[in-house]
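Here's the structure, in structure tokens; my notes come after.
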Amino acid sequence: MPTPHSAPPIRRLTLADLTACADLAEERGWAREEHKWGLLLAAGTGYGIDAPEGDGLAAMCVTTSYGPALTTFGMMIVAGRFGRQGLGRRLLTHAMHEAGDLPFALYATAQGRPLYEQLGFHAVGDTHTVSGPFRSPEPPTATRAAATTRPATADDLSALVRLDNEVFGIDRTHLLARLPSFTDRLRVAEHGTTLTGYAGIWPSTSCDVVAPLIAQDTDTAYALIHALAAETDRPLRLDIDARHTDLLDRLKHSGLDLISTTTTMTRGIPDLPGDWTRRFAPLNLAMG
Ligand SMILES: CC(C)(COP(=O)(O)OP(=O)(O)OC[C@H]1O[C@@H](n2cnc3c(N)ncnc32)[C@H](O)[C@@H]1OP(=O)(O)O)[C@@H](O)C(=O)NCCC(=O)NCCS
């Protein structure tokens, strides 16, 4: 669809737009998440439409490229006063075109889903966001075979990348290389000398987020969360693939409540690549 002559242009966002992005997120009731925006704008590609009054952004979104196999899309927000004027559709159409119409994936809110369906996305699953103060009823060692976890070191990086490759299904070394600086702490799980999982924890506006979370089974995933939670006083938040019902039950018993559900959607591929059984939580909902 051609852009009307008077329509404000879509421009690339840079790190200089970080505060404007956080402002727009906050205006729609989302957390400011400036720390996350730093990663999104540095490792992803942000697109924005300036408000005609010259005071901030009217609309924005971010894509992250994983080469020809996948582009992820997220953080699409249109300021309330510009809603239903076609800005969301323009941004998504533009982002898909810029990415070369390659396979796309996103996590849709209920509000975003009708637009995504109109543009050829289909639902492949759900993700539950749970949050709250973590209080473990008992240490994982007391009830179940415990996975051994420890802080990650630089020596773990190549094994971590190999494991992530298998589970995510696509090489994302360019993002993983940023994890040591993006996360407050990064932990690995191992069985003997084999790496069986890893997780990071990073600060959001009013909680700490455990992500990404990759583990060979629920016990390992819970052991990683338990160890990371032990070092923070802040509430936790996790975005868990809804098929991981055992982990969601254990998190509920540990004090975390369901706060929202998003729909995983893809376009051009039947499902997300990789191994969902070991992929418990994405790095964030915009980047996958
Ligand atoms: C979802 C959102 C980005 C849509 O942006 P927008 O600029 O208002 O959307 P558009 O005007 O391009 O609408 C495109 C189509 O999407 C659908 N749509 C948009 N908003 C909708 C809503 N609130 N309810 C139902 N359908 C909606 C409609 O089919 C619409 O076409 P129509 O107006 O011709 O009927 C915007 O409402 C928003 O920022 N919401 C809050 C944040 C959010 O949930 N973002 C999605 C993250 S996945």
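Entry remark, the stretch 236-267: residues being in a loop (DSSP other than H, G, I, E, B) and either surrounded by 21 or more Cβ atoms within 10 Å (Cβ to Cβ) or among the polar types (S, T, N, Q) (or both) number 3 in total.
Residue count for the stretch 25-34 under the criterion of being surrounded by 15 or more Cβ atoms within 10 Å (Cβ to Cβ) and either farther than 8 Å from Thr205 by Cα or more than 14 Å from the ligand (Cβ to nearest atom) (or both): the result is 3.
Does Thr220 satisfy being within 16 Å of the ligand (Cβ to nearest atom) and either closer than 19 Å to Pro151 by Cα or within 15 Å of the chain's Cα centre (by Cα) (or both)? First the steps, then the outcome.
Numbers: within 16 Å of the ligand (Cβ to nearest atom): no; either closer than 19 Å to Pro151 by Cα or within 15 Å of the chain's Cα centre (by Cα) (or both): yes.
Answer is no for this residue.
Residues in the stretch 63-91 that are in contact with a Leu (Cβ under 9 Å, 6 or more places away or on another chain) and more than 21 Å from Leu283 (Cβ to Cβ): Val78, Ala79, Gly88, Arg89. In the set (1) closer than 29 Å to Pro68 by Cβ; (2) without any contact (Cβ under 8 Å) to a residue 40 or more places away in the chain, Ala242 fails one condition alone, (2).
Residues checked against (1) surrounded by fewer than 16 Cβ atoms within 10 Å (Cβ to Cβ); (2) within 14 Å of the ligand (Cβ to nearest atom); (3) in contact (Cβ under 8 Å) with a residue 12 or more places away in the chain; (4) assigned to a strand (DSSP E or B):
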site: Gly46; (1), (2), (3), (4): no, no, yes, yes
site: Pro52; (1), (2), (3), (4): yes, no, yes, no
site: Cys61; (1), (2), (3), (4): no, yes, yes, yes
site: Thr64; (1), (2), (3), (4): no, no, yes, yes
site: Phe73; (1), (2), (3), (4): no, yes, yes, yes
site: Gln85; (1), (2), (3), (4): yes, yes, no, no
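Please return the ranges of strands (runs of 3 or more DSSP E) entirely within the stretch 92-211 where 2 or more residues are within 16 Å of the ligand (Cβ to nearest atom) and either crowded, with 17+ Cβ neighbours inside 10 Å or more than 20 Å from the chain's Cα centre (by Cα) (or both).
Ranges flagged: 104-108, 122-132.
No lab work stands behind these numbers, since they all come straight from the coordinates. This is a predicted model, so every value here is computed, not measured. For neighbour counting, all protein chains shown are included, and Cβ atoms are generated from backbone atoms with ideal geometry for every residue, glycine included.
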